[in-house]
Amino acid sequence: MSEWIQKKLRLPAFPSGYHLITDRITEAFPEIKNYRAGILQVFIQHTSAGLTINENADPSVRRDFQTFVNELIPESYPRFIHTDEGPDDMPAHIKASFFDSQLQIPIQNGRLALGTWQGIYLCEFRTHAGGRNLMLTAFGEKD
Amino acid sequence: MSEWIQKKLRLPAFPSGYHLITDRITEAFPEIKNYRAGILQVFIQHTSAGLTINENADPSVRRDFQTFVNELIPESYPRFIHTDEGPDDMPAHIKASFFDSQLQIPIQNGRLALGTWQGIYLCEFRTHAGGRNLMLTAFGEKD
Amino acid sequence: MSEWIQKKLRLPAFPSGYHLITDRITEAFPEIKNYRAGILQVFIQHTSAGLTINENADPSVRRDFQTFVNELIPESYPRFIHTDEGPDDMPAHIKASFFDSQLQIPIQNGRLALGTWQGIYLCEFRTHAGGRNLMLTAFGEKD
């Protein structure tokens with residue numbers, strides 16, 4: 001038997017940076033345990049924040065992401081013309097496209113089949129963002 | 001009831017840059033309205049153009065993408081050896097991998113569940129490209 | 001009739017760089033031929049290696065990826081603090097997020113609907129990595 005479930009998850013405002021949200025997602029979606037084989041899609045409905053899967057243990061990894069990516073795609077880039085919404089806006093759009101707007105994570109035997117060291121990051125690219133909306137969609141075979 | 005629909009969409013030649021194609025996709029795929037819950041996949045069958053989801057309103061965002069990304073991954077990079085197809089070819093391959101070759105967009109109640117400001121971009125990385133082929137695949141639950 | 005198949009594919013250790021693995025995947029998953037319309041997902045269960053779809057013919061493309069990306073995201077970046085696992089570790093995490101951890105490839109009439117020049121790359125970002133685990137998931141409509 002195949003089944004689709006969709007739900008919105010409203011995340012609170014996070015500071016600029018990279019934040020582990022794996023537990024928030026699995027807690028919002030206990031029905032994952034009912035799928036024998038499937039996919040959980042996480043989709044962010046914004047263009048100045050993103051998603052990625054990366055290291056889930058050492059917070060220094062997430063700090064290094066912030067340091068390096070802010071230098072690679074800097075607010076001070078002199079040729080940006082889309083500057084009305086502040087100097088952090090256009091870098092946020094570019095970062096959003098270099099990271100992901102959607103993740104598809106396999107479900108196997110009722111659990112996300114993430115590797116041992118993999119976690120889901122919310123990548124907040126604005127300096128003063130509000131909350132963010134995720135659309136979660138699970139589909140697959142139930143027992 | 002579950003149903004799969006696949007179709008090819010041939011895009012005309014676009015100039016180098018970032019182009020909104022949301023309406024072309026939804027017009028080519030009116031069957032989206034029949035899915036209660038599902039996914040639309042957009043897959044580009046090329047390695048020197050890409051896809052992404054980003055801001056759908058202000059054209060200056062798309063111009064800034066062009067300016068910044070062309071400077072980050074420049075044609076003038078002196079250590080490229082794959083240069084037989086012109087100076088724009090190898091940067092196009094790298095950009096194609098930093099952006100996306102596939103997008104999966106949730107369908108909810110017959111509509112793409114994009115955020116208010118989200119649109120689908122064709123990212124044309126070649127200077128003189130021809131048309132581009134997209135494979136569109138929708139699947140999900142119908143009413 | 002809809003059907004889900006999942007299997008693990010253990011890749012051997014590869015040297016740092018970009019490696020074509022299309023044939024390994026299709027050989028591990030002969031059941032692709034049974035799907036009239038579907039998706040094959042390739043998911044890598046690691047955070048210091050990645051996946052992408054790019055040019056499948058000329059090895060110089062893959063060498064240029066290595067040269068350029070190693071210079072864009074350098075081991076010598078002085079502000080990294082996550083350095084306990086060696087100078088190649090933090091660049092590997094960032095590269096993993098700029099490339100992909102998952103690919104979804106359409107299946108049409110029993111074949112991956114890749115473009116003529118598209119192949120699947122394993123992107124090995126560590127200098128001395130071991131083997132890598134892929135989770136392969138196919139789903140779709142069978143004849």
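The values are calculated or read from the model by the stated rules, or taken from the named source; none is laboratory data. Remember, it's a predicted structure, so these values are computed and weren't measured experimentally. We place every Cβ from the backbone using ideal geometry, glycine too, and count neighbours over all the protein chains shown. Ligands, DNA and RNA are stripped out before the accessible areas are found, and what is left, the full protein with its side chains, is counted by its heavy atoms. Shrake-Rupley method; radii C 1.70, N 1.55, O 1.52, S 1.80 Å.
So, in region C:14-55, exactly how many residues are among the small types (G, A, S), farther than 22 Å from A:A113 by Cβ and under 17 Å from the mean Cα position of the chain (by Cα)? Please lay out each step first, then the result.
The first filter runs over region C:14-55 and keeps only residues among the small types (G, A, S), leaving C:16-17, C:28, C:37-38, C:48-50.
When the remaining residues are screened for being farther than 22 Å from A:A113 by Cβ, the result is C:16-17, C:37.
From what is left, the residues that are under 17 Å from the mean Cα position of the chain (by Cα) are C:16-17.
Qualifying residue count for the region: 2.
Residue-level analysis places B:D64 among those that are in a helix (DSSP H, G or I) and over 23 Å from C:Q102 (Cα atoms). The single condition among (1) open to solvent by 20 Å² or more (accessible area, probe 1.4 Å); (2) farther than 24 Å from C:N70 by Cα that A:I44 does not meet is (1).
Residues in region C:16-27 that are of a type outside the set (S, T, Y) and either within 21 Å of C:T67 (Cβ to Cβ) or surrounded by 16 or more Cβ atoms within 10 Å (Cβ to Cβ) (or both): C:G17, C:H19, C:L20, C:I21, C:R24, C:I25. In the set (1) surrounded by fewer than 21 Cβ atoms within 10 Å (Cβ to Cβ); (2) at the interface with another protein chain (Cβ under 9 Å from one of its Cβ atoms); (3) within 19 Å of B:I44 (Cβ to Cβ); (4) touching a residue at least 12 places away in the same chain (Cβ under 8 Å), C:T116 fails one condition alone, (4).
Scan region B:56-68 and give yes if some residue there is more than 10 Å from chain C (Cβ to nearest Cβ), open to solvent by 10 Å² or more (accessible area, probe 1.4 Å), under 14 Å from the mean Cα position of the chain (by Cα) and not hydrophobic (A, V, I, L, M, F, W, C), otherwise no. For region B:56-68, residues more than 10 Å from chain C (Cβ to nearest Cβ), open to solvent by 10 Å² or more (accessible area, probe 1.4 Å), under 14 Å from the mean Cα position of the chain (by Cα) and not hydrophobic (A, V, I, L, M, F, W, C): present. Within region B:82-104, does at least one residue satisfy the condition of being open to solvent by 10 Å² or more (accessible area, probe 1.4 Å), part of a strand (DSSP E or B) and more than 10 Å from chain A (Cβ to nearest Cβ)? Looking through region B:82-104, none of the residues is open to solvent by 10 Å² or more (accessible area, probe 1.4 Å), part of a strand (DSSP E or B) and more than 10 Å from chain A (Cβ to nearest Cβ).
Within region A:119-138, the set of residues being outside any loop (DSSP other than H, G, I, E, B) and open to solvent by 10 Å² or more (accessible area, probe 1.4 Å) comprises A:R132, A:N133. For first residues located in region B:68-83 and under 18 Å from B:S48 (Cβ atoms), partners that are open to solvent by 70 Å² or more (accessible area, probe 1.4 Å) and of a type outside the set (K, R) and lie 6+ apart or on another chain with Cβ distances below 7 Å form the pairs B:E75/B:P87. Among the numbered conditions (1) surrounded by fewer than 22 Cβ atoms within 10 Å (Cβ to Cβ); (2) within 14 Å of chain C (Cβ to nearest Cβ); (3) of a type in the set (A, V, I, L, M); (4) under 30 Å from B:K142 (Cβ atoms), the only one that B:L72 does not meet is (4). Only residues that are assigned to a helix (DSSP H, G or I) and in contact with a Lys or Arg (Cβ under 7 Å, 6 or more places away or on another chain) were counted in region A:69-81, giving 1.
So which residues in region C:126-143 are among the hydrophobic types (A, V, I, L, M, F, W, C) and either within 13 Å of chain B (Cβ to nearest Cβ) or under 20 Å from C:K7 (Cβ atoms) (or both)?
Pass one, region C:126-143, residues among the hydrophobic types (A, V, I, L, M, F, W, C): C:129, C:134-136, C:138-139.
Within region C:126-143, C:L134, C:M135, C:L136, C:A138, C:F139 qualify.
The set of residues in region A:7-24 that are more than 15 Å from A:G50 (Cβ to Cβ) and either assigned to a helix (DSSP H, G or I) or in contact with a Lys or Arg (Cβ under 9 Å, 6 or more places away or on another chain) (or both) comprises A:L9, A:R10, A:P12, A:A13, A:T22, A:D23, A:R24.
Of everything in region B:30-55 that's of a type outside the set (D, E) and in a helix (DSSP H, G or I), which residue is farthest from the other protein chains (Cβ to nearest Cβ)? Reasoning before the result, please.
Quick first cut of region B:30-55, residues of a type outside the set (D, E) only: B:30, B:32-54.
Restricting the remaining residues to those that are in a helix (DSSP H, G or I) gives B:30, B:32-34.
Details: B:P30: 18, B:I32: 14, B:K33: 16, B:N34: 14 Å.
The selected residue is B:P30.
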